Amino acid sequence: MTELTEVFIVHHVRELGDDVQEVKFIGVYSNEKVAQAAVDQIKDQVGFCDFKDGFSIEDHKLNLMGWLKGFCYDGD
């Protein structure tokens, strides 16, 4: 069996304005073909059908840190 070295993450984002987004985590998949099949399965459902351009599929390597530094903020 081949060792899995990357996964494909599916999100749906809808822009609400004023730099506000509604983000839906759809799932994590073993390859891009399966990830695309997930998008195809839900893209015509209520809500998603009105915002079909909101889907994204991103590949991520496993065991590789994606954020290496701290972050700045304005405070609480």
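So that you can scan it fast, the table gives a plain yes or no per residue for (1) surrounded by 13 or more Cβ atoms within 10 Å (Cβ to Cβ); (2) more than 14 Å from the chain's Cα centre (by Cα); (3) not aliphatic (A, V, I, L, M):
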position	(1), (2), (3)
Ser30	no, no, yes
Gln36	yes, no, yes
Val46	no, yes, no
Glu58	no, no, yes
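Is it the case, given these coordinates, that Ile42 is surrounded by 15 or more Cβ atoms within 10 Å (Cβ to Cβ), of a type in the set (A, V, I, L, M, F, W, C) and touching a residue at least 40 places away in the same chain (Cβ under 8 Å)?
no
Does region 61-75 contain any residue that is touching a residue at least 40 places away in the same chain (Cβ under 8 Å), surrounded by 12 or more Cβ atoms within 10 Å (Cβ to Cβ) and part of a strand (DSSP E or B)?
No, there is no match, as no residue in region 61-75 is touching a residue at least 40 places away in the same chain (Cβ under 8 Å), surrounded by 12 or more Cβ atoms within 10 Å (Cβ to Cβ) and part of a strand (DSSP E or B).
Computed from the coordinates by the stated procedures, all read-outs in this text should not be read as laboratory data. In this text the structure is predicted, and so the values were computed from the model without any measurement. A quick note on method: Cβ atoms are made from the backbone with ideal geometry, for glycine too, and the neighbour counts reach across all protein chains shown.
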